[in-house]
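The values are calculated or read from the model by the stated rules, or taken from the named source; none is laboratory data. Nothing here was measured: the structure is a model prediction, and the numbers come from that model. Using ideal geometry, Cβ is built from the backbone for each residue, glycine included, and neighbour counts are taken over all protein chains shown.
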Amino acid sequence: MAARPDLLQRLAVQTDGRAQTQLYRRLRTVTRAEGPFVESNGKRLLVFCSNDYLGLAQDPRLIAAWKQAADSSGVGSGSAHLICGHRREHAELEEVLAEWTGRERALLFSTGYMANLGVMQALLQRGELCVQDKLNHACLLDGAQLAGAVLKRYPHTDVESAERQLRSHDETCALLATDGVFSMDGDIAPLRELAALCARENATLMVDDAHGLGVLGDDGAGSVMEAGLSEREVPVLMATLGKALGCSGAFVAGPTALIEGLIQFARTYIYTTAMPPALAAATRCAVTLARTENWRREKLQVLIRRFRHGAEQLGLPLMPSRTAIQPLLLGDAQAALDASRILEAQGLLAVAIRPPTVPQGQARLRITLSAAHEEAHIDRLLDALASLRLAGAPV
Ligand code: PMP
């Protein structure tokens, strides 16, 4: 018999290897969540790392919508959308998402990760070009690889490099994909310039607005609507439902030709169970609240300004962001872990983000703010960050 190596043994060796570094990941169990607080390991912690930017995840109206739909539709959808899992709740949510984002149609996916894989695999054929910002979310990169596309990554927000990459392959179909708001840095892509570039180069523009939807734009319709870009300019818009909307899942919005094509060819749409209908009902309620309760966006902006002002006064290494994501760059993984531990000892939760999630040497505290926070919470955070500096952290 061949001396075939054992896969699980090899994985265990890799895991042991990682355990010797500062990159080992550990799960934390949250036993209770209440507003911006969680309870974990018997301790109450004020959270600064959740993506619940508008503070909707525990809104009683969402919970009531969930319960009511569960009473009438049950828990599981029972099958994929194309079998018998596509319920009235899904159809209604798709309609409001399309209307909100100013697109012809919208299509639900069970997660954002699956939406991005499905779009790339349906749109791109082997050997075609996919140009992406270097800091795009992992699932956009994975999607291009799954599709067998030629993946070119341009330096962060560098439109001229993107142009050179498109021109280097001007004979094939091309998709240019970018995060709208970058998940680890919080800055916004140069969407108008990218749209103009795609128009000149006959490339299709895709924007992943996971962190912009709900937060940017007058009624929270996201970075693409804030930039005033139509469906013609950004034909593929994807966003998630598990962040500012406080729910879970994702959608792709665009022209009918895109949506019908995804229904035919996107394998992560076709071969998976439709999200629970009660989740779709709760999400529809979240969309209504996100659109109409402007005070949430306004409060978030007040908190962002308060945090940035305080952090500037402390001389902390802020990044250029006007969104809910306000990272503090610390450099090495150990420094980020130490900072996170010091904050936790003071009752604050902001986990260390380390490579490969961020580039080598750019470990950070990815601090996120939410409309669920109060000004006093921001002041507590600033006090804790000031103590970090006293403790000698590289902030
Ligand atoms: N895109 C971006 C930009 C994200 O930040 C994330 C998740 N953090 C996703 C896609 C994946 O979304 P989901 O969590 O719904 O799979």
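Side notes on the structure shown:
- Condition check for residue 363: of a type in the set (A, V, I, L, M), in contact with a strand residue (DSSP E or B) (Cβ under 8 Å, 6 or more places away or on another chain) and farther than 28 Å from residue 56 by Cβ: yes
- Among the residues of the range 200-218, at least one is over 19 Å from residue 124 (Cβ atoms) and modelled with pLDDT under 95.
Listed here are the residues, each with its yes/no results for (1) among the aromatic types (Phe, Trp, Tyr); (2) within 16 Å of the ligand (Cβ to nearest atom); (3) buried (at least 19 other Cβ atoms within 10 Å of the Cβ); (4) closer than 27 Å to residue 362 by Cβ.
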site: 119; (1), (2), (3), (4): no, yes, yes, no
site: 129; (1), (2), (3), (4): no, no, yes, no
site: 149; (1), (2), (3), (4): no, no, yes, yes
site: 188; (1), (2), (3), (4): no, yes, yes, yes
site: 198; (1), (2), (3), (4): no, no, yes, no
site: 202; (1), (2), (3), (4): no, no, no, no
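- Residue that is farthest from residue 317 (Cα to Cα) [pool: residues in the range 355-381 that are assigned to a loop (DSSP other than H, G, I, E, B) and at pLDDT below 95]: 356
- Single residue of 329, 303 found to be farther than 30 Å from residue 95 by Cα and not in a helix (DSSP H, G or I): 329
- Close Cβ contacts (under 9 Å, 6 or more residues apart or on different chains) running from residues in the range 208-237 that are outside the structural domain of residue 112 (by TED's automatic domain parsing) to residues that are among the polar types (S, T, N, Q) are absent.
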